[in-house]
Each structure stands twice: as structure tokens, then as C-alpha cells.
Amino acid sequence: MKTVFGPVPSRRLGNSLGIDPVPFKTCNWNCVYCQLGRTSPFTLERREYVPRVQILEQLQEAIAALPPGAVDWVTFVGSGETTLHSELGWLINAVKQETELPVAVITNGALLHLPQVRRDLLAADAVLPSLDAASERLYRKINRPHASLRLPQLLQGLRDFRAEYGGQLWVEVMLIKGINDGLRDLQALSAALETISPDEVHLLLPTRPPAEPWVEPASEEALQRAQFLLGRRARIIAETGGAFSLSGDSDVAEALIDILTRHPMREKDLLATLTKWTAEEGAALLGRLQDQGRIQPVSRRGERFWSIAQGRY
Ligand code: SF4
């Protein structure tokens, strides 16, 4: 599995060259909306999951192969929690030596109470942590964090990081119908966000297959209400209109698995990326990969998605 992937179209970061520094679903949260399924391994351990030099070599190769202007951001993101990689600070600085592209880190923020994690992130141009709840009850219901993690820790970590960090802090809020989209919960979230003072608040919906089948996206009305209550910093982030491109790859099956490892896709969107293939040829490829035990269909809200086979739904 490649650690450096893409570029892929991102909702906020244009064409983003991704760095996925931890193995599939290595995380300290087990979010009900996680598009990659339930967490395993569930861990707090920070270590060098992938050798840092190996990641850097892959990045150098990827940058050398791309035409100028093909990438807008280099983004640490992927199939687990990025800050669990103990060499994240070294890696961010190494990327900045290699390229002038801005660097973003997507993280759940659960380890920001650790001074070393905050130091590791200082060189990034943008950090995107999550905050879906302002009560311990909702934190445990939505994010299902590791038993030793508590909400006050998460909030204090975010506040401390804001005080130390001069880059862009964009807090992500995932809005789930009937769970955290009510008036009182949004007012509590708004008060918590005021104490953090991020540059932006990004409102997201669980549009890809959630780990738990009962998770539904908040309604358009709830989304608008959230934007109003969370104030001038809040932006509604629509799902990207950009498409993954597969037909140009020499090994379409491997490219497809690479994408599905981080981004499960609706079947109809997936078949649309195979622009040089007929629908029958695309369906045959999916069937073959399923028979080989490499990908799986996932049904949510009456729609069919595809994910890699390791995903636990
Ligand atoms: S959404 Fe992110 S933080 Fe939540 S379980 Fe999935 S990988 Fe972990």
C-alpha cells in the first residue's frame, strides 16, 4: 500500500497530494460516522508506524512525477489518526524542505492536550481538527473515544493549540440528524468554539457510508441553522464536485483499491470515473475484486457504496 497517494480532489484543499502515515483504521476514536468502518486497532500509542524515510522517498517520487501546478496542497490525511505517527513533526518539516506547497493536517485533535503533538503541528499551514460535541455524553456517543480520553482534554488541547499556533485553524463539525443538530447542542457547541477561536468552522455531513447504519446526514434546514448559530466563521462544505480519475492508470485495479482505502465511493460515482470503460466492464471489475476478497459492497440509506474489504461495517 502506498503511503503517498493522489492528487485527489478535496472539498477544501483543491487537488491534494495525500500522505497517509498510519495503517488502515489505526485510531483513538471510533466515530459512528467514520466512512472507513469501525476502528481496529483502537490505540493511543504514538509510534513510527511507517518509516519516515520511506514516506519521504514516496513523496519525492510523487512530486517528481507530477506536472507543475497539478497539486494545490500536501495533506496529511487518510485511513487513521495522523497524530498517532510519532514522526509527524519531522515529516511536516521534511515536506516543507521538498516543496513550497502549503501543508495541511487533518486530525481528530484528540491528542492536542500533549505538548509534543502541538509542537509537531506548528510548521503546518493549516490544521483541521474535529469538534462534534460540547458535552461528554455526545462526545462518547458520536466519537466513541478511547476510554482514557475526555472532552475537557480535547477542548483544552484545542485552546492551547490555538494560543501557540499561527497558521490556519479550521475546526470540522460533522452534523448528524437527530444527534448533534438540535438547538441546545448547537448553542453549546457555539459557546465551546468561541473559547477556541478557530479561523473557520467547517460544517460537514456524513455523505459517505458511515460505520453505523443509523447515522444520517442533518437536513438542509438543520445545516442552515447550524451555520447561523455558529456565526461568521462557519462555512458549509459541500461534497466535492471533482471526480477521481482512474482510466488513465496503467493498473486500474490497484488505483481503484488505493482510492477506496481512503474514500469509499458510491457505485454510480465509481463507475463514472472509469470513463474509458463500459458500465458492464466496470461492474465486472468490481465483481472480480470482490471475489478476490479485496473490496466489499456496503449498503447505506438505500444506496450502494464500495469500500476495501478490511472495512468493518
Ligand atoms: S472519522 Fe477519523 S477520527 Fe473518527 S474513527 Fe474515523 S479515522 Fe478515526
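Using a 1.4 Å probe over the heavy atoms of the protein chains, calculate the carbon and sulfur portion of the accessible area of the chain as a whole percent. Write down the numbers at each step before the final one.
On the way: 6640 of 13390 Å².
Summing carbon and sulfur atoms, their accessible area is 50 percent of the total for the chain.
Of all lysines in the structure, those lying under 16 Å Cα to Cα from Lys276, and not within fewer than 8 positions of it along the same chain, are Lys268. For the peptides 144-152, 122-130, the ranking by packing is 122-130, 144-152, with the highest mean count of neighbouring Cβ atoms within 10 Å listed first. The residues of region 4-236 have, on average, 40 Å² of accessible surface per residue, using a 1.4 Å probe with all protein chains present. Beta bridges assigned by DSSP with both partners in the chain are antiparallel in approximately 35 percent of cases. Could you tell me which of Leu17, Pro68, Gly80 has its Cα farthest along the dipole of the chain towards the positive end, charges placed at Cβ (Lys, Arg +1; Asp, Glu -1), taken about the Cα centre? It is Gly80, whose Cα lies furthest towards the positive end.
Rounded, prolate or oblate for region 161-313? Axes are the square roots of the Cα gyration tensor eigenvalues, ordered a ≥ b ≥ c, and the cut-off for rounded is a/c under 1.5. Here region 161-313 falls in the prolate category. Note: relative contact order over region 173-313, using C-alpha pairs below 8 Å and six or more positions apart, is 24 percent. Mean sequence separation of contacting Cα pairs (under 8 Å, at least six apart), scaled by the length of region 4-236, corresponds to a relative contact order of 20 percent. What the Cβ-Cβ distance of Trp214 and Glu194 gives, at R0 = 35 Å and to the nearest 0.05, is a FRET efficiency of 0.70.
Among the cysteines of the chain, Cys27 have no other cysteine beta carbon within less than 4.7 Å of their own.
Using the heavy atoms of the protein chains alone and a 1.4 angstrom probe, what is the accessible area of region 252-308 per residue in square angstrom?
47 Å²
Contact order normalised by length for region 252-308, with contacts defined as Cα pairs under 8 Å and 6 or more residues apart; what percent is it?
About 46 percent, as a whole number.
What trypsin sites (Lys or Arg not before Pro) in region 1-72 are in a loop by DSSP, with at most 16 other Cβ atoms within 10 Å of the Cβ?
Counting only loop positions with at most 16 other Cβ atoms within 10 Å, the trypsin sites (Lys or Arg not before Pro) in region 1-72 are Lys2, Arg11.
In the chain, a dipole from Cβ-located charges (positive for Lys and Arg, negative for Asp and Glu) runs towards its positive end, and of Val173, Ile55, Pro7 it is Val173 whose Cα lies farthest in that direction.
Loop-located trypsin sites (Lys or Arg not before Pro) in region 81-124 (DSSP state other than H, G, I, E, B) with a sparse environment of at most 16 neighbouring Cβ atoms within 10 Å are absent.
When the square roots of the Cα gyration tensor eigenvalues are ordered a ≥ b ≥ c, the ratio a/c for the chain is 1.5 or more and a/b does not exceed b/c, which makes its shape oblate.
Among Ala188, Ala211, Ala234, the residue with the largest mean-square fluctuation in a Gaussian network model of the chain, with springs joining Cα atoms closer than 10 Å, is Ala188. Listed by chain and number, the aspartates and glutamates whose alpha-carbon sits under 16 Å from that of Lys141, ignoring those within fewer than 8 places in the same chain, are Asp132, Asp181, Asp185, Glu212, Glu216.
Classify region 252-308 as rounded, prolate or oblate from the Cα gyration tensor: take a ≥ b ≥ c as the square roots of its eigenvalues, call it rounded if a/c is under 1.5, otherwise prolate when a/b beats b/c and oblate if not. In terms of gyration-tensor shape, rounded.
The values are calculated or read from the model by the stated rules, or taken from the named source; none is laboratory data. In this text, all values refer to a predicted model and were calculated from it rather than measured experimentally. No Cβ is skipped: glycine too gets one built from the backbone with ideal geometry, and neighbour counts run over all protein chains shown. These area figures cover heavy atoms from the full protein model, side chains too; ligands, DNA and RNA do not enter into them. Shrake-Rupley method; radii C 1.70, N 1.55, O 1.52, S 1.80 Å.
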